[in-house]
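*Asks:* After the structure tokens below, expect a handful of questions from me.
The values are calculated or read from the model by the stated rules, or taken from the named source; none is laboratory data. Computed from a prediction, not measured in an experiment: that's the story for all the values here. All Cβ positions, glycine included, derive from the backbone under ideal geometry; neighbour counts span all protein chains shown.
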Amino acid sequence: MKTVFAFRHAPHTKNVLSDADELLCVNIGDELKKRGIVFDRAFSSPQPRALSTILNVMLGMGNMLPVMTDPAIGDSKLGEFPFAPDELDALKAAAAEASMDVETFMLEYDPIREKQTNRGEEGAGCIQLLVNDMSPGMTAAFASHGGSRIEITIRALAKGTDCENAANKLLLKPASVVQLSFNDEDALVGITDLGILA
């Protein structure tokens, strides 16, 4: 079995985590350490809020690793299928009109479904390469973004598997953790929403 922990970045202001939110991530790492979890690899979106999340989680675990970054698990402005600033402004306005947060809105808004599917497949390709390169028994982690990346990446990984229903129900809050289990043939076989562990 191979395990990947997916983290939605912690709350932030203008891409920077507050001291309290950094401490939240450290506490999440401490909780993972208490559960006997050790990461062998770490990946992140290149955005500072995601990098800070994974680095502070590892600090709490006492298990610092180099962090590889990839825009394929980046926020709505990164990757091969980014949202233009005017598209994001329109999405934010439509979400506000629907009395929804923009992340939830992005998961449900039909006019952007094709772009979101492409973004999910892009993120899934990145994570699948990570899993393919892991030896059985290894554990990895990645930090990414809600609405525009992490949930749709997990949905793409789960497509056509017994995990598809669980993936489609995911809606992660900031600093949430999801445990993904892959068999030795690198297929996704389990999704566990751990919530916020601190």
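*Asks:* Can you say whether ILE191 is outside any loop (DSSP other than H, G, I, E, B) and touching a Cys at 6+ places or on another chain (Cβ under 7 Å), as far as the supplied structure shows?
*Replies:* yes
*Asks:* Out of the residues in the stretch 136-150 that are over 18 Å from MET61 (Cβ atoms) and touching a strand residue (DSSP E or B) at 6+ places or on another chain (Cβ under 8 Å), which is surrounded by the fewest Cβ atoms within 10 Å (Cβ to Cβ)?
*Replies:* PRO136
*Asks:* Scan the stretch 55-68 and report the pairs whose first residue is within 18 Å of ALA10 (Cα to Cα) and whose second residue is among the β-branched types (Val, Ile, Thr) and part of a helix (DSSP H, G or I), with Cβ atoms within less than 7 Å and a gap of 6+ or a chain change.
*Replies:* Within 7 Å, the pairs are ASN56/VAL26; VAL57/ILE28; LEU59/VAL26; GLY60/VAL26; GLY60/ILE28; VAL67/ILE54.
*Asks:* May I pose another question? If you check ALA95 against the conditions, is it surrounded by 14 or more Cβ atoms within 10 Å (Cβ to Cβ) and closer than 14 Å to ALA175 by Cα?
*Replies:* no
*Asks:* Now a separate question. In the stretch 91-145, which residues are among the polar types (S, T, N, Q) and within 18 Å of ALA72 (Cβ to Cβ)?
*Replies:* GLN116, THR117, ASN118, GLN128, ASN132, SER144
*Asks:* Quick one: in the stretch 14-48, which of the residues that are assigned to a helix (DSSP H, G or I) and of a type in the set (Asp, Glu) is surrounded by the most Cβ atoms within 10 Å (Cβ to Cβ)?
*Replies:* Per the criteria, the residue is ASP21.
*Asks:* Check LEU51, LEU65 and return the single one that is within 22 Å of SER148 (Cβ to Cβ) and either assigned to a loop (DSSP other than H, G, I, E, B) or modelled with pLDDT of 95 or more (or both).
*Replies:* After ruling out the rest, the residue left standing is LEU51.
*Asks:* Sticking with this one: Kindly check whether there is at least one residue in the stretch 97-114 that is among the acidic types (Asp, Glu) and touching a Ser or Thr at 6+ places or on another chain (Cβ under 6 Å).
*Replies:* no
*Asks:* Please go through the stretch 1-13 and give me each residue that is in contact with a Lys or Arg (Cβ under 9 Å, 6 or more places away or on another chain) and not in a strand (DSSP E or B), ordered by number.
*Replies:* Across the stretch 1-13, the qualifying residues are HIS9, ALA10, PRO11, HIS12.
*Asks:* Out of the stretch 141-167, which residues are in contact with a Ser or Thr (Cβ under 9 Å, 6 or more places away or on another chain) and hydroxyl-bearing (Ser, Thr, Tyr)?
*Replies:* SER144, SER148, THR153
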